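Participant: Can you read through this structure? Questions will come right after.
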Amino acid sequence: MDATPGLARRTLAVFARNRLALLGACLLAALLAFCFLGPLVHPTDQVHTDLDQASLAPGEAGHLLGTTDLGYDMLGRLMHGGQTSLEVGLAAGLLATLFGTVYGAVAGYFGGWVDAVLMRVTDAALAIPALFLLVVVAAMVTPSKPVLILVIASVAWLSPARLIRGEALALRSRDYVHAMRLMGGGGGRAVFRHIVPNAVGTMIVNATFQIADAILYVAYLSFLGLSIPPPAADWGSMLSSGITYTQVGYWWLIFPPGLAIVLVVAAFNFIGDGLRDAFDVRLQKN
């Protein structure tokens, strides 16, 4: 009898017992609906400026969250900016996790000089502050969604690589890996058919944290002026633009995007904590 359905039910049961994890899942679902379905309910022009409607306070002229200094509806801007932040963060986090997983699995499984060389490269890159690397790389290219994804992923893969390498060191000594070797299986088969699939729980948990970090990296780069060129926007660039007007009390240019960043990062971290518990075999038995 296949034990997979029973394992999945136990995993979901442990996840459901974690109230913060459920809160994170609900928050994430609400933010995704707000950003991707919201523009269908509340369509706005986020391309053409309207200086006659600039810097309106929340509630004025039918703008629920006011307008920006260029006359963009703030609520619509928040939705469209969220699409960019979430798309780049999700894609970069997943790409970093996938590449880091394969990299770490190869290093851990083969060991020896392969492990030594690959891990020294990783250690050298980790010794340099990630934000510094991001700023240097982002300043050398023209920002766009695909470019931001690649730039952030090029830094974010280091952590999952070290994590999966530790998993691979433990998994390569398992009986089923030895049996595969005796039957003539090669290193590629061992990595992709045995090491990576058996580290999937660790991968999923790490991916949630990588996505949260990637969304923060998007905000960091945008805040430093390395965001996608206007009229496109993301929450970080909205925050950067709003800082200019803090002295005149335009709080609605800062508070909504700042709150959105905090909520989405908290949601992914709550989900990650819940998944970590859900994949813990000891908790599944309780």
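The values are calculated or read from the model by the stated rules, or taken from the named source; none is laboratory data. Everything numeric here is computed off the predicted structure, so don't read it as measured data. Positions of Cβ are generated from backbone atoms using ideal geometry, with glycine treated the same way; all protein chains shown enter the neighbour counts. Note: accessible area is taken over every heavy atom of the protein model, side chains too, but ligands, DNA and RNA are not part of it. Shrake-Rupley method; radii C 1.70, N 1.55, O 1.52, S 1.80 Å.
Participant: Tell me which residues, restricted to the range 119-132, are open to solvent by 40 Å² or more (accessible area, probe 1.4 Å) and not in a loop (DSSP other than H, G, I, E, B).
Facilitator: Residues of the range 119-132 that are open to solvent by 40 Å² or more (accessible area, probe 1.4 Å), as a first pass: 120-121, 123-124, 126-129, 131-132.
Hits for the range 119-132 are R120, V121, D123, A124, L126, L131, F132.
Participant: Looking at the range 86-99, is at least one residue open to solvent by less than 10 Å² (accessible area, probe 1.4 Å), assigned to a helix (DSSP H, G or I) and over 23 Å from L148 (Cβ atoms)? Write out each step before concluding.
Facilitator: Applying the first criterion (open to solvent by less than 10 Å² (accessible area, probe 1.4 Å)) to the range 86-99 yields 86, 88-89, 92-93, 96-97.
Keeping just the survivors that are assigned to a helix (DSSP H, G or I) gives 86, 88-89, 92-93, 96-97.
Checking the rest, the ones that are also over 23 Å from L148 (Cβ atoms) come to none.
No, the range 86-99 has no match at all.
Participant: Condition check: surrounded by 21 or more Cβ atoms within 10 Å (Cβ to Cβ), in contact with a His (Cβ under 7 Å, 6 or more places away or on another chain), closer than 28 Å to L64 by Cα and in contact (Cβ under 8 Å) with a residue 12 or more places away in the chain. Does A233 satisfy that?
Facilitator: Yes; evaluated as a whole, the condition is true for this residue.
Participant: Hey, another quick one. Could you grab me the full set of residues in the range 41-73 that are in a helix (DSSP H, G or I) and buried (at least 16 other Cβ atoms within 10 Å of the Cβ)?
Facilitator: Q53
Participant: Also: Scan G82, G38, G76 and give me the residue that is in contact with a Ser or Thr (Cβ under 6 Å, 6 or more places away or on another chain) and either under 17 Å from L259 (Cβ atoms) or open to solvent by 20 Å² or more (accessible area, probe 1.4 Å) (or both).
Facilitator: G76
Participant: Write out, first by first residue and then by second, each pair whose Cβ atoms fall under 8 Å of each other, whose residues are 6+ apart or on separate chains, and whose first residue, in the range 238-261, is within 18 Å of V218 (Cα to Cα) while the second is of a type in the set (K, R) and surrounded by fewer than 16 Cβ atoms within 10 Å (Cβ to Cβ).
Facilitator: Going by the 8 Å Cβ cut-off, there are no qualifying pairs.
Participant: Which members of the range 238-265 meet the condition of being open to solvent by 30 Å² or more (accessible area, probe 1.4 Å) and not hydroxyl-bearing (S, T, Y)?
Facilitator: Matches in the range 238-265: L239, I243, Q247, V248, G249, W251, I254, F255, L259, V262, L263.
Participant: For H178, state whether it is free of Cβ contacts under 8 Å to residues at least 40 places away in the same chain, surrounded by fewer than 21 Cβ atoms within 10 Å (Cβ to Cβ), out of contact with any Lys or Arg (no Cβ under 7 Å at 6 or more places or on another chain) and assigned to a helix (DSSP H, G or I). Lay out the reasoning, then the answer.
Facilitator: Values: free of Cβ contacts under 8 Å to residues at least 40 places away in the same chain: yes; surrounded by fewer than 21 Cβ atoms within 10 Å (Cβ to Cβ): yes; out of contact with any Lys or Arg (no Cβ under 7 Å at 6 or more places or on another chain): yes; assigned to a helix (DSSP H, G or I): yes.
It is true that H178 is free of Cβ contacts under 8 Å to residues at least 40 places away in the same chain, surrounded by fewer than 21 Cβ atoms within 10 Å (Cβ to Cβ), out of contact with any Lys or Arg (no Cβ under 7 Å at 6 or more places or on another chain) and assigned to a helix (DSSP H, G or I).
Participant: Something else now. If I filter the range 100-117 down to residues being open to solvent by 20 Å² or more (accessible area, probe 1.4 Å) and of a type in the set (G, A, S), which single residue comes out as farthest from V47 (Cα to Cα)?
Facilitator: So the residue we want is G112.
Participant: Shifting gears a bit: Inspect the range 21-40 for any residue being within 27 Å of the chain's Cα centre (by Cα), in contact (Cβ under 8 Å) with a residue 12 or more places away in the chain and either more than 27 Å from A214 (Cβ to Cβ) or not in a helix (DSSP H, G or I) (or both) and give the result as yes or no.
Facilitator: no
Participant: Residue by residue through the range 172-203, note down the ones that are among the aliphatic types (A, V, I, L, M) and out of contact with any His (no Cβ under 7 Å at 6 or more places or on another chain).
Facilitator: Once the filter is applied, which keeps residues that are among the aliphatic types (A, V, I, L, M) and out of contact with any His (no Cβ under 7 Å at 6 or more places or on another chain), the range 172-203 yields A179, L182, M183, A190, V191, I195, V196, A199, V200, M203.
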